[in-house]
Structure formats: C-alpha cells, structure tokens
Amino acid sequence: GYHVTVFEKHKRLGGMLRYGIPSYRLPDDDLDRDINAILSTGIQVKLDVDIGREITFDQIRSEYDSVYIAIGAQIVNRMNIPGQDSEGVLSAVELLGAVGAGEAPDFTGKHVVVVGGGNVAMDAARTAQRLGGDVTVIYRRTQEEMPAIKSEYEDAVKEGVKFMWKTNSIEFLGNEKGRVRAIRLATPDGEHTVEFDRVFLAIGSRPASRIVGTTKGIDVDEKGYVIVGDRPKGMTTRRGVFAGGDVVHRPQTVVLAMKAAKEVAVGIAQYVD
C-alpha cells in the first residue's frame, strides 16, 4: 500500500543480476520477466541517477518518508602491490558489467589472467573464455580452499580455463608505455613471470563510500559496511534510513539479499506506520 520509487545508477534495472551474473547463468529474458512483474505493481523508477553526484542522499531523504539502501558492495579491493595502478589492471566486476551492458570485448587470441578464487572469479574466467580468450586463474591457496562453488570450478575446467594454485602475485610489470603486460608470481617452485594481454582482479569488494561512508548519521564498521539494528529490522543509525543485502552483510548470495529486503520491508512498514 505504499508508494515506492527506485533510484538506479545504470540505464537498466537488475543490479548485479544483470551487471554481475553472466547471462549464461541468468538469461536476460528471465530477469526482465521478473523485473516487469515487480514494476507492474505500480513502482516508479528513476534510471541513470548517480547518487552523490547528480543528487545528494540528503535530498532524497528529505523527499521520502523512508529510504532503503541496497547498493551492494561493488568497489573492488586493491592488491597493494607494485604496478597495481598500471593501465590494463581491471576488475572482474568491470568485465562482467561491460558484458551485461552489451559491450562485451573480443578476447580472440588473447591470454587473459583472472586473479582470485571466488564465484566472481569463476564468472569472469568463464565469460572471458566464452569471449575467445585463453584464460588462466591465479589463486593464492589450494583448490580445496577456494571459496567458489565446486560446480562453478568444475564447469570452468570443462570449458578450458586453466588454474595456478598456491600462487601469489608480487608485481605487475608494464611496457614502455606503462601498460601492464605481465605478472611476477611467487609459486611453490619459486618466482615466475607470466605474460598476458588482459588481467582482471576478483579479490573482493566493498560498498561505495561516497554514498554510505560520507552520509551524516549512517554508521559503518571498519570495512565500510553499514551497521543496522533489529528494532525495527534493518534500520541504520539514522532514523528512517534502512539498509540490507551486501552493503550490510558483505558479498554473499542473491537469495540472502532478497531475504534481507523482504525482512527490512516489514521494518520499514513498522517505522512508517
């Protein structure tokens, strides 16, 4: 019974479902069907709005009885090794986002390296492989310790993705123009240098601090995740402002983010009433 408006940074709705999960796992048609079913209830949408730049969070808060922050954790962590800022060191999220936006690169004949061992790393590796790349995943622990779902790893292997275990990245090496061309690695057999054409980092992420870390009254923990309470469910330290999903619980699954949203909706109703 409430009037609801969604502010979205991208030109299309879907968030990480569209810009993070490859379409071979979640087809666009299926996603669009679910989104349209939700919008049919009368929800208003404002697309292509970058909160913090085009409009402030305080402006939005002043216009609505309650606000729910569901921005996820899409800022990629840094490795803090030499060469990190070289041209060509990109994030797996950027690759997946480009593909979701219909701007898939062509990796035909390219050697692509993905650094990381989680589900995002598997998505990026399999996507790059499907785009024609010769893909190698570099992970600092063993296969048994890799956090990615086992079936995702097995499917990546079937599709031709190669893996280097117990391997740490020491330095990104650039050419004379400053573009990254190789990684110096520490392996159980000693140090090695691997040359490549593209590298994508999948080593974790955090919330966009421009929205939550600099907004007055919203407390975050030492890593930038929003702190919420249970009375009412999901409300931050600023009255009337709620949060849920990865921006609170750290990157986990779509199902848990949806669960949080449904629980917080009850909290919002209690607050507004």
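Can you spot a residue in the stretch 220-229 that is closer than 20 Å to Tyr2 by Cα and out of contact with any strand residue (DSSP E or B) (no Cβ under 6 Å at 6 or more places or on another chain)? No, that holds for no residue.
When Thr142 is tested against (1) in a loop (DSSP other than H, G, I, E, B); (2) of a type outside the set (A, V, I, L, M); (3) closer than 14 Å to Ala125 by Cβ, only condition (3) is not met. Residues considered: Gly72, Gly116. Of these, the only one that is within 30 Å of Asp32 (Cβ to Cβ) and open to solvent by 10 Å² or more (accessible area, probe 1.4 Å) is Gly72.
Residues of the stretch 209-229 include none that is among the aromatic types (Phe, Trp, Tyr) and touching a Ser or Thr at 6+ places or on another chain (Cβ under 9 Å). Of all residues in the stretch 167-174, none are assigned to a loop (DSSP other than H, G, I, E, B), within 21 Å of Ser91 (Cβ to Cβ), open to solvent by 70 Å² or more (accessible area, probe 1.4 Å) and not charged (D, E, K, R). Of everything in the stretch 157-182, what is in contact with a strand residue (DSSP E or B) (Cβ under 7 Å, 6 or more places away or on another chain) and more than 19 Å from Gly109 (Cα to Cα)? Give them in sequence order. Listed by number, the residues that qualify are Met164, Lys166, Thr167, Asn168, Ser169, Ile170, Glu171, Phe172, Leu173, Gly174, Asn175, Gly178. Does Val194 count as among the β-branched types (Val, Ile, Thr), within 30 Å of Phe7 (Cβ to Cβ), touching a Leu at 6+ places or on another chain (Cβ under 9 Å) and at pLDDT below 95? No: the conditions fail for Val194.
Of the residues making up the stretch 1-22, those that are surrounded by 15 or more Cβ atoms within 10 Å (Cβ to Cβ) and of a type outside the set (A, V, I, L, M, F, W, C) are Glu8, Lys9, His10, Arg12, Gly14, Gly15, Arg18, Tyr19, Gly20, Pro22. May I ask you to list the residues in the stretch 84-113 that are aliphatic (A, V, I, L, M) and either open to solvent by 30 Å² or more (accessible area, probe 1.4 Å) or more than 15 Å from the chain's Cα centre (by Cα) (or both)? Passing the criteria: Val89, Leu90, Val93, Val99, Ala101, Ala104, Val112, Val113. The set of residues from the stretch 145-157 being hydrophobic (A, V, I, L, M, F, W, C) and part of a helix (DSSP H, G or I) comprises Ala156, Val157.
Kindly indicate whether Thr127 is open to solvent by less than 40 Å² (accessible area, probe 1.4 Å), farther than 17 Å from Leu17 by Cβ and either hydrophobic (A, V, I, L, M, F, W, C) or modelled with pLDDT of 95 or more (or both). Spelling it out, it is not the case that Thr127 is open to solvent by less than 40 Å² (accessible area, probe 1.4 Å), farther than 17 Å from Leu17 by Cβ and either hydrophobic (A, V, I, L, M, F, W, C) or modelled with pLDDT of 95 or more (or both).
When residues in the stretch 204-242 are screened for being open to solvent by 50 Å² or more (accessible area, probe 1.4 Å), at pLDDT below 90 and either farther than 19 Å from Arg78 by Cβ or within 17 Å of the chain's Cα centre (by Cα) (or both), 7 of them pass.
Among the residues of the stretch 114-139, write down those that are outside any helix (DSSP H, G or I), of a type in the set (Val, Ile, Thr) and within 16 Å of Tyr24 (Cβ to Cβ). Of everything in the stretch 114-139, just one residue is outside any helix (DSSP H, G or I), of a type in the set (Val, Ile, Thr) and within 16 Å of Tyr24 (Cβ to Cβ), namely Val135.
The values are calculated or read from the model by the stated rules, or taken from the named source; none is laboratory data. Every value quoted in this text rests on a predicted model; they were computed, and no experiment measured them. Virtual Cβ from ideal backbone geometry, glycine too; neighbours counted across all protein chains shown. These area figures cover heavy atoms from the full protein model, side chains too; ligands, DNA and RNA do not enter into them. Shrake-Rupley method; radii C 1.70, N 1.55, O 1.52, S 1.80 Å.
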